[in-house]
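Notes follow once the structure below has been shown.
The values are calculated or read from the model by the stated rules, or taken from the named source; none is laboratory data. These figures come from a predicted structure and were not determined experimentally. FYI the Cβ positions are ideal-geometry reconstructions off the backbone, even for glycines, and counts take in every protein chain you see. Accessible surface is based on the protein model in full, side chains and every heavy atom, while ligands, DNA and RNA are left aside. Shrake-Rupley method; radii C 1.70, N 1.55, O 1.52, S 1.80 Å.
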Amino acid sequence: MSIVEPTARSIAEAARRLQQGELVAFPTETVYGLGGDATNERAVAAIFEAKGRPQFNPLISHVLDAEEARRFVRWSDVADKLALRFWPGPLTLVLPRATESPIALLTTAGLDTVAIRAPSHPVAQALIRAAGLPLAGPSANRSGAVSPTRAEHVANSLGERISLILDGGPCLVGVESTVLDLSSRTPTLLRPGGATREAIETVIGPIAMSDAIPAGDSARKSPGQLHSHYAPTRPVRLGATSAVAGEGLLAFGPDVPKGAVLTLNLSAASDLGEAASNLFAMLRTLDRPGIDRIAVMPIPETGLGLAINDRLRRAAADDATA
Ligand code: TXA
Ligand code: MG
């Protein structure tokens, strides 16, 4: 792992790595991000792997500006007002995925919404511009650890797992961006952060707080759990070692039982990174007429397998709203 000063040359090198699906830690005005190509399922799987996340939380896609954002989300007038006032800066907007949006399903944890923001840090901007890609970027720390606001923090937390850290000095804001959901009727604050509620309300009027959402929709209580993560409409059977009539099979590994209506293999090579990158797309494909139930073969409970199994358990839960 190397910590490098951001120069035209090192940024070009970082951009090249991102285009090849590698990960690069980069400074933003809020905290350091662990960047990867947001349109590349494998790169995003590598982010979750590096963070050691036991779940697939949806990630923020970082872009240059509102014009670029329109390629990835269904933009709105409210988004426009907010972007005019706060972008580039520490405000993340959650908007419906655009039709044909190239953002990877793993980036949004299978959701039909995309969290997007334009960071104001010049190094982040230069990197996004050089890569020509939206960058998925969670905070660059191991899961459960504090967010890094200096390059050394990233090195201490993730050093062995990433090849390059762009050192942009200490982060000026130091707390993560505010996450505001604009995908439902009332704009709702999902995570307080660098842009204050008061400042947002000055621009668009009163907003709701995610805690204030009526009971009965418990999935909404914690940010990231908001709006049920994608769950198939068909029942899901876990730990399947055989397939029965009417089932679609989500397989894993080289030995796949016969008998399913349709079989899709998360990874014939038993590679958990490959499995993670295929998970949401394959679940969606199996959730279709002609299939009564989705059977899923056992996935090892190690590494990314924790996140995959967490997601599958939610998909299989009776009240599959979480
Ligand atoms: O300041 C920041 O936001 C930093 C820098 C690197 O940009 N990034 C960051 O990312 O804090 P992360 O992954 O640690 O937090 C992303 C937050 C989580 O609370 C996640 O649940 C929420 O954004 N989020 C992402 N996509 C969402 C979506 N489609 N719907 C609802 N919440 C979403
Ligand atoms: Mg974080």
Notebook entry, point to check: What accessible area, in Å² to the nearest ten, does a 1.4 Å probe give for Ile299?
Noted result: 20
Check: Hey, got the Cα dimensions of segment 236-315 along the principal axes, in Å, largest first?
Finding: 33, 24, 17
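Please state the charge dipole magnitude for the chain, taken about the Cα centre, from unit charges on C-beta atoms (+1 on K and R, -1 on D and E), reported in debye and rounded to the nearest 20. Don't jump to the answer; show the numbers that get you there.
On the way: 31 positive and 33 negative charges, 57 e Å.
Dipole magnitude for the chain comes out near 280 debye.
Pop out the carbon and sulfur fraction of the accessible area of the chain as a percent, whole number, probe 1.4 Å. Mind showing how you got there, number by number?
Values: 6960 of 13590 Å².
Here carbon and sulfur together make up 51 percent of the probe-accessible area.
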Check: Hey, can you rank 133-141, 68-76 by average C-beta count inside 10 Å, highest first?
Finding: 133-141, 68-76
Notebook entry, point to check: Going from most exposed to least, what order do His121, His62 have by accessible area with a 1.4 Å probe?
Noted result: His121, His62
Next item on the list: Would you mind getting the Kirkwood hydrodynamic radius of the chain from its Cα pairs, rounded to one decimal in Å?
Entry: 20.2
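Give, in nm to one decimal, the length gained when the segment between Ala12 and Val146 is fully stretched (0.36 nm per residue of separation minus the Cα-Cα distance).
On the way: separation 134, 0.36 × 134 = 48.24 nm, distance 2.89 nm.
Full extension of this stretch gives 45.3 nm more.
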Next item on the list: Give the calculated FRET efficiency between Arg284 and Glu67 to the nearest 0.05, with a Förster radius of 25 Å applied to their Cβ-Cβ distance.
Entry: 0.30
Notebook entry, point to check: Averaged per residue, what accessible area in Å² does the chain show with a 1.4 Å probe, protein chains only?
Noted result: 42
Check: Given the chain, what percent of its DSSP beta bridges are antiparallel, to the nearest 5?
Finding: 40
